[in-house]
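Working notes, structure below.
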Amino acid sequence: MANKQPAVTEQTKTNLRRAFWQLYEQKPIQKITVKQITDLAGYNRGTFYLYFKDVYDLLDDIENKVLEVIGGMMRDLLPPDGHIADAAQLRGAPGFEAAMTPLAQTVRIYGSYARVLLSDRGDPRFKARFKEIVWPPLKRTLPIKRAHSPKEERVTKEYCMAGLIAAICAWLDEDDPLPVDAFIALLSKDLVVSAG
């Protein structure tokens, strides 16, 4: 279908995403219908199907948008060849804070999405994709004392990323969350203490 009014099209999709999200924050995706979304957004079912195949396609659309922003931000931390020899090669301030500041800022902007998508209620595929995007620049900032075999690397990754995801969820669940810099300082201090 030709898109003759891109601004109207994008606003319609945004309204459908918001309506879906209001429902998804309250109940599992299996209990959300297209009719509920369109009723809440003020459209008919046909309008929904112009843009999305089903509620799962709409969730994928939201997940892809969030991960696209996070992925772009994490890629910006890497040198042009994508390889980091050590934390000092991160652009900006070296170390954990350099990787976490833009990540935390982005997650805070997408707080309502990240809080649900990274929680136990979220899609496990989202968490897996999040880990794959965030881990490469983050792992080079951690105080790891020796090289790891691939098996050890996997365990280390899962340990670190599970802790990070749990910390992000706890942070976003607060009514009055810590400011980004205080959140990062807390994580940075705890990582250094636990690794020492």
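The values are calculated or read from the model by the stated rules, or taken from the named source; none is laboratory data. Just so we're clear, the structure is a prediction, and the values are computed from it rather than from any experiment. Counting neighbours? That spans all protein chains shown, and the Cβs are built from the backbone with ideal geometry, glycine included. Accessible surface areas use protein heavy atoms only, side chains included; no ligands, DNA or RNA. Shrake-Rupley method; radii C 1.70, N 1.55, O 1.52, S 1.80 Å.
Check Lys53, Lys27, Lys4 and return the single one that is part of a loop (DSSP other than H, G, I, E, B) and at pLDDT 95 or above. Explain how you work it out, then say what you get.
Numbers: Lys27 fails: at pLDDT 95 or above; Lys4 fails: at pLDDT 95 or above.
On inspection, the qualifying residue turns out to be Lys53.
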If I go through region 109-152 residue by residue, how many of them are under 22 Å from Phe20 (Cβ atoms) and part of a helix (DSSP H, G or I)?
15
Return yes when Gly111 is surrounded by 19 or more Cβ atoms within 10 Å (Cβ to Cβ) and closer than 25 Å to Ile32 by Cα and no when it is not.
no
Restricting to region 159-185, what's the tally of residues that are under 17 Å from Ala128 (Cα atoms) and touching a helix residue (DSSP H, G or I) at 6+ places or on another chain (Cβ under 8 Å)?
7
Just one listed residue, out of Thr33, Thr14, Thr101, Thr9, is farther than 25 Å from Gly122 by Cβ, open to solvent by less than 70 Å² (accessible area, probe 1.4 Å) and modelled with pLDDT of 85 or more, and it is Thr9
Could you figure out which of (1) open to solvent by less than 80 Å² (accessible area, probe 1.4 Å); (2) in contact with a Ser or Thr (Cβ under 9 Å, 6 or more places away or on another chain) isn't true of Arg45?
(1)
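Does Ala85 count as modelled with pLDDT under 85, small (Gly, Ala, Ser) and buried (at least 18 other Cβ atoms within 10 Å of the Cβ)?
When the stated conditions are applied, Ala85 does not pass them.
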Whether any residue in region 52-65 is surrounded by 16 or more Cβ atoms within 10 Å (Cβ to Cβ) and in contact with a Ser or Thr (Cβ under 9 Å, 6 or more places away or on another chain) is what I want to check.
yes
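Does region 159-186 hold any residues that are open to solvent by less than 50 Å² (accessible area, probe 1.4 Å) and part of a loop (DSSP other than H, G, I, E, B), and which are they?
In the first step, residues of region 159-186 are kept if they are open to solvent by less than 50 Å² (accessible area, probe 1.4 Å); the result is 160-161, 163-165, 167-169, 171-172, 177, 180, 182-184.
Selection gives Pro177 alone.
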